[in-house]
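Student: The structure is given below, and queries will be raised subsequently.
The values are calculated or read from the model by the stated rules, or taken from the named source; none is laboratory data. Only a predicted model underlies this, so the values are computations on that prediction, with no experimental measurement involved. With ideal geometry, Cβ positions are generated from the backbone for all residues, glycine too; neighbour counts draw on all protein chains shown. To get the accessible areas, we keep the full protein, side chains included, count just its heavy atoms, and leave off ligands, DNA and RNA. Shrake-Rupley method; radii C 1.70, N 1.55, O 1.52, S 1.80 Å.
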Amino acid sequence: MKVSLITAALVASALMVGCAEENKENTENADQAVITVGSSTLTRGDIDKGIAKVLELQGSEIPAEQLDYVKQRIANQMAQSFLVSEVLTQEAMKRGVSVTAEELSAKGEEIMKQLAMRPDSPKTLDELFEKSPFGAEKARKEFENGVLIDKMLKAEYAASSPVDAEAEADKIIAEIEKHNAEVQSLKDAALQKIQSLKAELDATSADQVAAKFAELATSSSDCPSSARGGDLGDFTRGMMVPEFEKVAFEQEVGKVSDVVETKFGYHLILTTSKTPATEATDDMPATPEKVTASHILVKVEGVEPVPTKEEVISFVKGQAERAFMQDFVLKSVRAAEISASEDFAHILPPKETHEDVVAPDAE
């Protein structure tokens, strides 16, 4: 069970872990401290037991050549989880944060609802703890600490003058709508351009259409094929976007299409030849239907869908909360009394630099 939905997601980014560090298994001294936070210690024996338990559950799925790497990752993850959990739990206690039986019960009900749709899901929180591969006592402690940590983090965030999500949402939506208005203006101009090219081709005699099409493609198309007069070569069904393919396969050879709109922009299509499908023979395999075509493309940028205000508010709040929580976790870890064995020192966050504490314009 994860310590906390919030803190678990922050472990890797907050601590900037160097996962490539070597961490060789060492069972010579099971009582040797790996990570110590205040008065709480994670020993090498704890790490070895955790690795053994995970491998017992997943060992058959791990290729032999990856086993050492997997053991290293498990050890690092256990140390990271212990470090963040203990730092934040001890910080919450220092701040006098506590949780009530009602809060634990409410969180438990929330978890059980999330698990309810899974096959063979436990019916009660106690049953969930009992099913934990690391033991019911450890699972219950992690759950209670997680609720405590979440309560502290939510209170700290609420007191931090969080972003005005509604005002920020209005600003984001206004920017999207402004962008879309600009795109629509460019789209209108692109349509006028392609229609003008179509009119020029319509005024060209049938025997000169192919040459004129190549000339206009070379001078006016936004596709790299313009270097070849718009020639795309031959292609089978499924190789082009549906709107383009339908016209290329269905129109007459030598005819210029009406304006075709795809996600890439506006097209004029000239189908220059068609090759019917053939059935397999003793000497030759079957071949699919193919066409050879050229096109002129005037690119247009797509209009961006405008999300609802509620969706943007949720996005803004989520971003602000994650940034705050990450900063809070990192500062708490840096301020905590922590020691680590040499082979686990890489999981500690980098030391605070001058740039971390000096404003950009302070010098």
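Student: Being in a loop (DSSP other than H, G, I, E, B) and open to solvent by less than 90 Å² (accessible area, probe 1.4 Å) is true for just one of Gly108, Gly96. Which residue is that?
Tutor: Gly96
Student: OK, next. Within the stretch 330-337, is even one residue within 30 Å of Lys71 (Cα to Cα), part of a loop (DSSP other than H, G, I, E, B), touching a Gly at 6+ places or on another chain (Cβ under 7 Å) and open to solvent by 50 Å² or more (accessible area, probe 1.4 Å)?
Tutor: yes
Student: Hey, another quick one. Hey, Ile149 hits all of (1) open to solvent by 80 Å² or more (accessible area, probe 1.4 Å); (2) within 20 Å of Leu88 (Cα to Cα); (3) in contact (Cβ under 8 Å) with a residue 12 or more places away in the chain but one; which does it fall short on?
Tutor: Checking Ile149 against (1) open to solvent by 80 Å² or more (accessible area, probe 1.4 Å); (2) within 20 Å of Leu88 (Cα to Cα); (3) in contact (Cβ under 8 Å) with a residue 12 or more places away in the chain, the one that fails is (1).
Student: Only one of these is farther than 28 Å from Glu182 by Cβ and either open to solvent by 70 Å² or more (accessible area, probe 1.4 Å) or touching a residue at least 24 places away in the same chain (Cβ under 8 Å) (or both): Lys290, Lys299, Lys263. Name it. Please lay out each step first, then the result.
Tutor: Numbers: Lys299 fails: farther than 28 Å from Glu182 by Cβ; Lys263 fails: farther than 28 Å from Glu182 by Cβ.
Testing whether each residue is farther than 28 Å from Glu182 by Cβ and either open to solvent by 70 Å² or more (accessible area, probe 1.4 Å) or touching a residue at least 24 places away in the same chain (Cβ under 8 Å) (or both) leaves just Lys290.
Student: Which one of these is outside any strand (DSSP E or B), in contact with a Lys or Arg (Cβ under 8 Å, 6 or more places away or on another chain), surrounded by 12 or more Cβ atoms within 10 Å (Cβ to Cβ) and not aliphatic (A, V, I, L, M): Phe235, Phe244, Phe249, Phe213? Can you show your working first?
Tutor: Numbers: Phe235 fails: outside any strand (DSSP E or B); Phe244 fails: in contact with a Lys or Arg (Cβ under 8 Å, 6 or more places away or on another chain); Phe213 fails: in contact with a Lys or Arg (Cβ under 8 Å, 6 or more places away or on another chain).
On inspection, the qualifying residue turns out to be Phe249.
Student: Can you pull out the residues in the stretch 168-193 that are out of contact with any Ser or Thr (no Cβ under 9 Å at 6 or more places or on another chain), open to solvent by 50 Å² or more (accessible area, probe 1.4 Å) and either among the basic types (Lys, Arg) or without any contact (Cβ under 8 Å) to a residue 60 or more places away in the chain (or both)?
Tutor: Matches in the stretch 168-193: Lys171, Ala174, Glu175, Lys178, Ala181, Glu182, Ser185, Asp188, Ala189, Gln192.
Student: Please verify whether Lys255 is open to solvent by 90 Å² or more (accessible area, probe 1.4 Å), under 30 Å from Leu186 (Cβ atoms) and at pLDDT below 95, treating the condition exactly as stated. Walk me through how you get there before you give the answer.
Tutor: Details: open to solvent by 90 Å² or more (accessible area, probe 1.4 Å): yes; under 30 Å from Leu186 (Cβ atoms): yes; at pLDDT below 95: yes.
Considered against the rule, which asks whether it is open to solvent by 90 Å² or more (accessible area, probe 1.4 Å), under 30 Å from Leu186 (Cβ atoms) and at pLDDT below 95, Lys255 comes out as yes.
Student: Can you say whether Lys138 is free of Cβ contacts under 8 Å to residues at least 12 places away in the same chain and within 22 Å of Glu311 (Cβ to Cβ), as far as the supplied structure shows? Quick ask: steps written out before the conclusion?
Tutor: Details: free of Cβ contacts under 8 Å to residues at least 12 places away in the same chain: yes; within 22 Å of Glu311 (Cβ to Cβ): no.
Criteria not met by Lys138.
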